[in-house]
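Accompanying notes for the structure given below.
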Amino acid sequence: MNYKQPLELTGLIANLDAFFREHLSPFWASVVEGLLILIAIVALYAVIALALIYVERKITGFFQSRLGPNRLGKYGSIQSIADMIKILIKEIIHINRADRFLFYVAPFFVIGSSLMAFGAIPFGKGLQAVDFKMGVLYLIAVSSIGVLGVLLAGWSSNNKYSMLGAMRSGAQTISYELSAAFSLMTVVVLAGTMQLSEIVESQRYVWNIFNGHIPALVAFVIFLISGHAETNRGPFDLPEAEGELTAGYHTEYSGIQFGYYYLAEYLNMFIVAAIATTVFLGGWMPIQVHGWDGFNQVMWYIPSYVWFFGKTALLIFLSLWVRWTFPRLRIDILLNLEWKVLLPINLFNIVMMVITVLAGWTLTDLFPNLFGLA
Amino acid sequence: MKALIKYITDIFVAIKNLLKGMGVTWKQFWAKKVTMEYPENRDTLVISDRWRSELTMPHDENNEHACTACGICMMNCPNGTISVTSSTVETEDGKKKRVLDAYTWNQGSCTFCNLCVLTCPSKAIAFTNDFEGAVFNKEKLIYRLNQPGSKLREKKKTQ
């Protein structure tokens with residue numbers, strides 16, 4: 001069944017591709033397209049960061065019975081642009097007796113890792129820059145580079161607070177990556193593939209979180225918890241811990257270097273929500289019911305990137321809600337939670353998922369007629 | 001076995017309590033916001049009567065005030081904020097009498113301690129809660145409280 005999709009960008013992208021192929025040799029066409037994609041991704045990265053900063057400040061305000069930014073522009077909407085200009089024109093302070101090279105290199109590890117993860121996310125139908133066969137593994141691998149930047153930042157700053165913050169962050173991120181990876185693996189068992197586009201395609205009529213019911217739901221919750229912990233946000237922001245460590249690993253950074261950490265933090269929040277959307281909540285796939293062609297057509301009129309950003313926004317709201325509800329964990333409680341609670345549950349859960357898939361207890365196995373598989 | 005059961009029940013208790021907390025913040029999210037948007041809400045803004053921000057000398061409809069220029073407020077002011085200048089004039093019946101020339105108050109160095117108002121024997125000055133006293137220049141903070149041409153209110157002849 002082919003549905004009309006008037007607002008999709010696939011046609012535009014195909015036209016652009018044909019245009020470049022026609023006027024340039026295949027090599028230069030690829031180069032130009034690659035550069036355009038790079039520019040698009042970096043621009044989207046910056047725009048999403050600005051939007052997220054505004055949204056977070058507004059929602060934070062609402063959770064604290066305040067209005068949030070409301071002076072600059074309608075409802076304070078251009079506040080984060082003003083903040084960006086401020087951070088760009090700020091002086092970069094040079095630290096005496098810091099390890100110069102590593103100090104300046106560290107932010108690029110953090111931002112590079114989040115940019116690389118950002119590039120592999122399917123934003124919509126045909127809106128995925130790279131689609132690896134090992135997409136999920138790639139995301140896990142790339143997002144774990146970020147911790148290197150954090151550790152280098154803390155170590156090269158020659159500052160005890162930064163060092164403590166970096167050590168906490170290192171312990172926390174490396175521990176929680178285990179849980180995040182395991183919960184993604186649970187879904188890989190269910191979907192039978194690591195390629196993100198195929199994972200999205202396989203969720204056409206039923207999302208993975210429903211298809212795998214109990215084990216998938218547990219994996220989803222664990223992924224959200226470990227995702228928040230990995231991005232050093234929510235109740236797990238103790239690497240920053242303003243009260244004890246001034247600002248943790250980025251205490252000594254100023255100006256745009258601090259801005260990189262700030263940007264990467266917000267984008268990591270987005271990336272975690274985006275991965276959870278792609279893997280558990282059907283990605284950019286509109287809600288469809290097999291056989292209801294009229295309903296499906298209406299759903300397809302809403303373009304796929306709107307579906308993607310909508311689902312992601314819900315998860316981001318959840319992350320902010322959690323952040324302003326739960327108190328910050330102590331470092332030993334934090335590590336206990338990972339090693340004594342989440343990891344055993346996760347190991348048990350992945351076995352449960354394997355049993356569910358092998359025994360045919362997934363929804364698609366139990367009710368194949370509903371999903372047009374019979 | 002007991003430890004295992006406790007381990008599992010602890011997880012569910014924790015989830016229940018965390019959800020309870022999220023319920024509280026969810027209600028807070030939709031609650032009425034307490035932020036006051038100041039310049040827009042001037043009409044509805046309520047400033048307490050006890051709030052002291054501007055020293056005034058009330059004048060009645062005949063442009064008369066109650067200040068006898070005794071200078072007690074000036075002496076009591078801890079910061080030297082008030083200065084009272086007076087001159088002596090002779091009334092028709094030959095009595096010498098002190099009249100107020102200028103009552104100046106420097107808001108810039110005032111701590112709003114209220115000692116001047118408390119010690120004024122004739123209740124000639126009062127603090128109001130009109131708080132919008134910002135000016136661009138510190139010279140503008142020096143106010144002359146007695147209106148030009150005003151004079152001392154005569155005591156009513158005793159009945």
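Nothing in this text is a laboratory measurement; each read-out follows from the coordinates by a stated rule. Owing to the predicted nature of the structure, the values given are computational and were not obtained by experimental measurement. Don't worry about glycine lacking a Cβ; one is built from the backbone with ideal geometry, like all the others, and counts go over all protein chains shown.
Placing dummy labels 7 Å off each Cα toward the beta-carbon, the span from B:Ala14 to B:Glu132 is 5.5 nm. In segment A:123-179, if every C-alpha pair distance is counted and binned at 5 Å from zero, what percent goes to each bin? Taking all Cα pairs of segment A:123-179, the binned fractions are 4, 17, 20, 16, 13, 11, 9, 6, 3, 1 percent. Does a label point 7 Å from the Cα of B:Glu64, set along Cα-to-beta-carbon, have any residues of segment B:96-134 with amide nitrogen under 15 Å, and which are they? It comes to B:100, B:124, nothing else. Within chain B, the cysteines lacking any other cysteine Cβ closer than 4.7 Å to their own Cβ are B:Cys67, B:Cys70, B:Cys77, B:Cys110, B:Cys113, B:Cys120. Projecting label points 7 angstrom from Cα along Cα→Cβ for A:Ile93 and A:Glu201 puts them 5.4 nm apart. Taking the fewest neighbouring Cβ atoms within 10 Å as the starting point, the ordered list for B:Asp49, A:Asp83 is B:Asp49, A:Asp83. With the convex hull of its Cα atoms as the shape, segment B:22-79 has an orientation-averaged projected area of 8.8 nm². Here segment A:164-231 was treated as a single set of alpha-carbon atoms; its pair distances binned every 5 Å from 0 give 4, 18, 22, 21, 15, 9, 6, 4, 1, 0 percent. The modelled label-to-label distance for the pair A:Leu178/A:Glu22, using points 7 Å beyond Cα in the direction of Cβ, is 5.7 nm. The relative contact order of chain A comes to 22 percent, based on Cα pairs under 8 Å that sit 6 or more residues apart. Can you tell me what percent of all Cα-Cα pairs in segment A:174-308 are more than 26 Å apart? Counting pairs separated by more than 26 Å, the tail of P(r) holds 37 percent.
Taking the inverse of the mean 1/r over every pair of distinct Cα atoms in segment B:82-123 gives a Kirkwood hydrodynamic radius of 12.5 Å.
If the chain linking B:Ser87 and B:Thr104 were pulled fully straight, counting 0.36 nm for each residue of separation and taking away their Cα-Cα distance, it would gain 4.6 nm. Going 7 Å from the Cα of A:Ile13 toward and past its Cβ, which residues in segment A:185-202 have a backbone nitrogen under 19 Å from where you end up? Within reach of a label on A:Ile13, which here means backbone N under 19 Å from a point 7 Å along Cα→Cβ, segment A:185-202 contributes A:194-202.
Restriction of the trypsin sites (Lys or Arg not before Pro) in segment A:1-78 to DSSP coil positions whose beta-carbon has at most 15 other beta-carbons within 10 angstrom yields A:Lys4, A:Arg66, A:Arg71. Over 29 Å apart at the Cα level, from the set A:Lys58/A:Lys86; A:Lys86/B:Lys20; A:Lys340/B:Lys16; A:Lys58/B:Lys6; A:Lys74/B:Lys16; A:Lys133/A:Lys311, are A:Lys86/B:Lys20; A:Lys58/B:Lys6; A:Lys74/B:Lys16. Relative to the current alpha-carbon distance between B:Leu141 and B:Arg42, full extension at 0.36 nm per residue lengthens the span by 33.4 nm. Spread over its residues, the convex hull of the C-alpha atoms of segment B:54-151 is 111 Å³ per residue.
Helix content alone sets the calculated 222 nm mean residue ellipticity of chain A: runs of n ≥ 4 DSSP H residues at -39500 (n - 2.57) each, divided across all residues, give -21500 deg cm²/dmol. Name the shape class, rounded, prolate or oblate, that the alpha-carbon gyration tensor gives for segment A:10-366, where a ≥ b ≥ c are the square roots of its eigenvalues, rounded holds for a/c under 1.5, and otherwise prolate holds if a/b is larger than b/c and oblate otherwise. Oblate is the answer for segment A:10-366, as a/c is 1.5 or above yet b/c matches or exceeds a/b. A DSSP coil position with no more than 12 other Cβ atoms inside 10 Å describes the following trypsin sites (Lys or Arg not before Pro) in segment A:287-348: A:Arg330.
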